[in-house]
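Quick notes on the structure that follows.
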Amino acid sequence: MHGPASSGWLLVALCAATGAYCLLRMRSGVEEQRSAAGGEALMGFGMAAMAVPAAVFTPPAWLWSGYVVVFGAAGLRALWAARSGRHHLHHLVGAAAMVYMAVVMAGSPAHAHAHGASGTPVLTGALLLYFTAYVLVTGVRLIPVVAVAGGGTGAPPVPAGKVGADGRAPAGWGDRPELARACRLSMAMGMLAMLLPL
């Protein structure tokens, strides 16, 4: 968000790669995975577009209104989906953060360069705390645990005719929960990088 060009391009690359992976996850055979991956792909590509350095592209004023509409709709969809699972609340917070950043950028593009004497706004601080906590918790969840002999209770169900050498079902790379967590973790880190200059 209008920071140094090199870090801006790194953020664009991270968010675009994450969005592309989420598009591939939409090929999952599990409806819940497809639905979550679609929202996360939208978030990744939206963040990538928002992170393009201002020296390269200064977006027109109407673009911020488009962000508000698109991510406002994504937030409403996440709120509706939260009835079936609380993990959708994270998508709601992400969409709200995108709306907030778009409103800030539309209202005062110079605001992204300096805080002035006012300090960090309360909503920016709350979002920074949320995404920091999310990054830490998700990072801990990605730490590998020792596998329980025999597969344990966390082993996926084995469909007929699809058994690996260890007696477990081979998970498709798009259905692996640790890859989905890593995807969400990278987007949360990107969100932190975008919120810091506000």
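Would you confirm, using the coordinates I've provided, whether Ser35 is of a type outside the set (Phe, Trp, Tyr), outside any helix (DSSP H, G or I), over 16 Å from Met194 (Cα atoms) and modelled with pLDDT under 85?
For Ser35, the condition - of a type outside the set (Phe, Trp, Tyr), outside any helix (DSSP H, G or I), over 16 Å from Met194 (Cα atoms) and modelled with pLDDT under 85 - is not met.
Among the candidates Ala114, Ala171, Ala165, which residue alone is in a loop (DSSP other than H, G, I, E, B) and at pLDDT below 50?
Residue meeting the stated conditions: Ala114.
Surrounded by fewer than 17 Cβ atoms within 10 Å (Cβ to Cβ) and without any contact (Cβ under 8 Å) to a residue 60 or more places away in the chain: which single residue out of Val52, Val30, Val69 fits that description?
Val69
List pairs: first residue in region 87-101 and more than 19 Å from Ser65 (Cα to Cα), second residue at pLDDT below 95 and of a type in the set (Asp, Glu) anywhere in the structure, Cβ distance under 8 angstrom, at least six positions apart or on different chains.
Here the result reads His91/Glu40, each pair linking region 87-101 to a residue that is at pLDDT below 95 and of a type in the set (Asp, Glu).
The values are calculated or read from the model by the stated rules, or taken from the named source; none is laboratory data. Remember, it's a predicted structure, so these values are computed and weren't measured experimentally. Cβ sites come from the backbone with ideal geometry, for glycine too, and all protein chains shown count toward neighbours.
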